[in-house]
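Everything on this sheet refers to the single structure shown next.
Each reported figure results from applying straightforward, stated rules to the coordinates on display, with no laboratory input. Computed from a predicted structure; not experimentally measured. With ideal geometry, Cβ positions are generated from the backbone for all residues, glycine too; neighbour counts draw on all protein chains shown.
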Amino acid sequence: MFQEDTVIHIINTIHEMQAYANRSMGRKKSIAFVPTMGFLHEGHLVLMREGRKRADILVVSIFVNPAQFAAGEDFDSYPRNLDRDLDLARKEKADVVFTPDRTHLYDDGFQTYVNLQKLPNHLCGISRPIFFQGVATVVTKLFNIVKPTVAIFGQKDYQQLAVIKRMVRDLNFDIEIIGVPTVREQDGLAMSSRNSYLTPEERPAAFSLFKSLNTAQRLCNEGIQDADQIIHQATAIIHSHKNTEIDYISICDPDTLEEVKTITNPVLMALAVKVGKTRLIDNMIVTP
Ligand code: AMP
């Protein structure tokens, strides 16, 4: 039905995915892997293009992972549109879209989780205590199923990328982890599947995350080194919009995510803000 270059395999079962990976390895074909929760946007597509360049075969997974959502979070309402996602993956020449069923990945007896000791104790891990356990566990499972040589993640989820890199090192996965810079809307808002929750009235407030990051860099350029002073200014920018609730604004060490008080080296500035009902995150490396 499709032209040869647009053939895409849609795989739903773990067994079939592992068999495909084993066949690929037998044929000496390397696999690049892009894990996603679907409702794809340009940010995901850039990851796919990076993967496409780095291996013979590109596998994209679409799985809204229940293990990383706490009760009361948006698991049920998380945006989903598989047909549209498949079209986009096809256009990016993905070879496989892996869409496992929730009950296949987590059966009734499931009881093994991957936990990191330190990195999750900062930033998003404070208000979302099970989030990184859920992420590390599902990524481990997906790595064992897809068997990639390289996996691509977005720097938009900076802490997640740090957790995966550390986990891969700690558990000796033979997989190269690549981080791709954040893809933004024209106004600077970091692309996210959750942006679809935003009303037009909420867009200026959503944009204030990026604005506050740029302001931080400007203040650093002016010689300000006091992190609290910068966080104070960023807070004012965000609070100048109604319906915003700051979860955290942090200036921290880019490797350990420990807070930094005086900026003498490049630091990570990261923030999470609720705009109306939508929780948004963003980050930037700020240099003195
Ligand atoms: P998600 O579907 O939100 O779980 O994201 C799947 C992957 O896409 C993760 O590695 C994210 O960091 C990455 N990603 C999401 N949004 C962006 C973006 N705006 N720019 C770059 N990567 C992104």
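Within the listed set Thr264, Thr112, Thr244, the residue fluctuating most in the Gaussian network model of the chain (springs between alpha-carbon atoms under 10 angstrom) is Thr112. Rounded to the nearest 500, the 222 nm mean residue ellipticity of the chain from helices alone is -11000 deg cm²/dmol, with -39,500 (n - 2.57) taken per DSSP H run of at least 4 residues.
Computed from label points 7 Å out along Cα-Cβ, the spacing between Arg102 and Asn22 is 3.0 nm. For the residues Ala205, Ala270, Ala70, a GNM of the chain with alpha-carbon springs under 10 Å puts the largest fluctuation on Ala70. Distance distribution note for the chain: the fraction of Cα pairs above 26 angstrom is 46%. Farthest toward the positive end of the dipole of the chain, out of Asn115, Ala216, Val183, is the Cα of Val183, where the dipole comes from beta carbon charges about the Cα centre. The slack between Ile246 and Arg90, meaning 0.36 nm per residue of separation minus the straight C-alpha distance, is 52.3 nm. Which of the residue pairs Lys93/Lys211; Lys53/Lys156; Lys211/Lys277; Lys156/Lys211; Lys118/Lys141 have a Cα-Cα distance greater than 27 Å in the structure shown? From the list (Lys93/Lys211; Lys53/Lys156; Lys211/Lys277; Lys156/Lys211; Lys118/Lys141), the Cα-Cα distance tops 27 Å for Lys93/Lys211.
Maximal additional length on extending the Lys261-Ile224 stretch stands at 12.2 nm, based on 0.36 nm per residue less the C-alpha distance.
Computed about its Cα centre, the charge dipole of the chain is approximately 540 debye, with only Lys, Arg, Asp and Glu carrying charge at their Cβ. Here the range 1-105 yields Rg over Rh of 0.98, to two decimals, using C-alpha coordinates and the Kirkwood radius. The order of Arg27, Arg102, Arg90, going from fewest to most other C-beta atoms within 10 Å of their C-beta, is Arg27, Arg102, Arg90.
Projecting the Cα positions of Leu271, Ser196, Leu257 onto the charge dipole of the range 193-280 (unit charges on Cβ atoms of Lys, Arg, Asp and Glu, taken about the Cα centre) puts Ser196 furthest along the positive direction.
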